[in-house]
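Below you'll find the structure, written out as structure tokens, and then a few comments.
Readers should treat all values here as calculations from the given coordinates under stated rules, not as data from a laboratory. Note that this is a predicted model, so its numbers are computed, not measured. Cβ placement follows ideal geometry from the backbone for every residue including glycine, while neighbour counts extend to all protein chains displayed.
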Amino acid sequence: MNARIDVNAFVGDYPFRAIPHPDPDALVRVMDREGIEQAWVGSLAAAWHRDPSQSNEHLFRSLTPYASRLAPIPVVRPDWPDWHGVLHRARDAKAPAIRVYPSHWQLPAGDDRLNALATACAEQGTAIVLTVRFEDLRQRHPLDGAADLSAATVRELARAGTRARIIVTAASRDFIEEVHWGLTPNEQKSLWWDISWIWGPPEDHLAHLFRTIGSERFVFGTAWPLRLAQTPRANLALLPDELSDQRLTDPRDWS
Amino acid sequence: MPLAGSDPLIDIHAHFYYEGCARADWRELNAARLRAGAAIGISCHVGSILGSWGRHSPTYFQSPADTVRGNDEMLALQRAHGALIRSYVAVNPNDTRRAIAEIDRCLALGAVGVKLAAARRADDALLDPIAEHAERHGLPVLQHIWQHRRRHWGGQDASDGDELCRLARRHPKVNFILAHIGGGGDYAHTFTVAQNVPNVYLDLSGSGVDRGMLDGAVAAVGPRRLLWGADLTLCTGLAKLWALEPIGLDADAIADIRWRNALRIFPPNTFPTVSQPRDARPQKATVA
């Protein structure tokens with residue numbers, strides 16, 4: 001099973017609990033251990049920053065020494081002034097994608113600003129990474145008030161016809177199915193799902209999704225440093241034999 | 001080579017299903033657990049069945065009939081699979097007389113521990129006779145735990161670590177397994193609460209795989225009070241096994257978590273395919 005790129009990694013502190021060593025050098029060591037060649041890396045705290053531009057610049061600077069392994073994924077807020085400039089900055093920094101947090105910014109499903117951002121991303125060949133959640137709902141800090149990303153938001157964005165490539169991370173089986181089967185076949189092709197939160201045996205959600213949706217709609221993601229990087233590798237290792245040769249999509253093939 | 005290596009490995013928190021329960025895919029679920037268990041290298045699954053899993057009475061508030069049926073099905077799996085499967089007897093503590101009778105019935109049929117779910121808070125006095133009975137027979141008690149319950153959650157009267165530790169302090173000779181630190185809620189609260197209650201063991205199972213959780217568990221109670229389990233997600237269980245060495249545990253500590261602690265707290269001969277640790281404490285019950 002190929003698993004060469006982690007599309008769902010972060011660096012930096014998390015506002016709601018202490019996380020061991022959320023640093024680029026630790027990430028690279030973990031990647032070496034796990035056989036991951038490259039990671040798309042966001043700033044963990046940026047979702048909660050009103051203006052993400054400083055966290056973006058910090059991300060660019062901190063990842064520069066690791067440019068061959070770690071690709072910066074900055075945040076772009078389409079409800080913030082000069083978001084086009086921030087998007088162009090991402091392009092100039094060779095970011096393969098940007099991160100967008102509609103729930104944290106209270107952007108409803110179908111918001112025109114999200115669609116405009118997605119259209120601009122498609123025009124410059126930049127993918128969009130969405131995050132369903134950072135933590136399980138049952139353990140969240142009382143001040144962590146953003147709701148999980150809604151399936152409706154993802155459906156509306158996929159239906160908007162922006163031609164953007166959209167990766168949704170930290171989704172579970174029910175979320176994925178609710179979105180996927182609510183889209184036309186063409187709309188489905190604009191979405192990819194990371195496997196970081198999908199259950200393996202005995203419920204075998206990942207196997208079920210590979211059989212029904214197809215492994216090509218899935219990408220490798222760990223949610224490091226929030227979650228153990230070993231988890232998606234374990235899930236792939238536990239697939240039934242007949243699915244063991246299924247291939248995930250490698251987003252580097254898009255360029 | 002099994003994915004988790006060839007050393008013994010005991011899953012102290014497994015669940016199984018049966019024809020007629022709420023899961024129409026019961027056969028696939030059981031088969032998937034055993035397939036994945038073989039791939040991982042699990043020596044023994046210690047499992048429970050909670051009634052009819054909600055079909056005839058609520059999962060966490062099982063009727064007497066459902067309780068008996070669930071335990072019978074679990075023991076049938078034990079008989080069918082030999083040393084690979086062992087059974088908890090699941091009881092509803094609201095009817096103490098029935099619960100104790102059910103423990104005795106299932107003990108005679110080979111059960112090795114008691115499973116308490118969420119029909120009553122763990123520190124309720126109704127659980128004291130059950131704990132006394134567990135002590136009498138040397139049985140560990142696996143208690144379903146919501147890590148730091150801050151409000152009521154529908155469908156269960158879940159206990160948190162505080163409540164279990166209150167029960168455990170009342171029964172210092174009973175080994176309590178605090179279920180699934182990765183199963184939902186704030187495990188950091190649990191670590192603080194359970195730290196100085198020596199007869200409470202933490203079960204690592206659950207879909208939660210937060211970085212820092214294993215480290216915190218080791219720091220709080222030490223590897224001699226941790227037990228590996230999978231509950232509903234064997235993938236996350238395997239990930240946690242793979243993570244034990246990177247977080248700095250040595251081979252001895254890993255062996256404790258994988259199997260030696262289980263041998264220490266379950267009755268003698270519960271795991272006949274796994275060697276006894278040198279410091280096994282004598283227990284009262286033996287497996288039938």
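For the residues B:Ser159, B:Ser63, B:Ser48, a GNM of chain B with alpha-carbon springs under 10 Å puts the largest fluctuation on B:Ser63. Once you reduce the range B:129-149 and the range A:164-197 to the center of their Cα atoms, the two points are 42 Å from each other. Peptide A:220-226 has a mean shielding of 2, counted as Cβ atoms of other protein chains within 10 Å of each residue's Cβ. Calculated FRET efficiency, B:Asp215 to B:Asp25, Cβ-Cβ distance, R0 = 41 Å: about 0.70 to the nearest 0.05. Between A:Asp174, A:Asp241, A:Asp111, the GNM of chain A built on Cα springs shorter than 10 angstrom shows A:Asp241 fluctuating the most.
The magnitude of the dipole of the protein assembly as shown, with charges of +1 and -1 set on the Cβ of Lys/Arg and Asp/Glu and taken from the Cα centre, is near 700 debye.
Ranking A:Tyr66, A:Ala147, A:Thr184 by how far each Cα lies toward the positive end of the dipole of the protein assembly as shown (charges on Cβ) leaves A:Ala147 at the top.
Peptide A:195-201 has a mean of 6 when you count, residue by residue, the C-beta atoms of other protein chains within 10 Å of its C-beta. Between A:Val179, A:Val41, A:Val168, the Gaussian network model of chain A with springs among Cα atoms under 10 angstrom shows the greatest mean-square fluctuation at A:Val179. Charged side chains reduced to their Cβ positions (Lys and Arg at +1, Asp and Glu at -1) give chain B a dipole of some 380 debye around its Cα centre. Using alpha carbon centroids, what distance separates the range B:169-207 and the range B:1-20, in Å? The two parts, judged by their Cα centres, are 21 Å apart.
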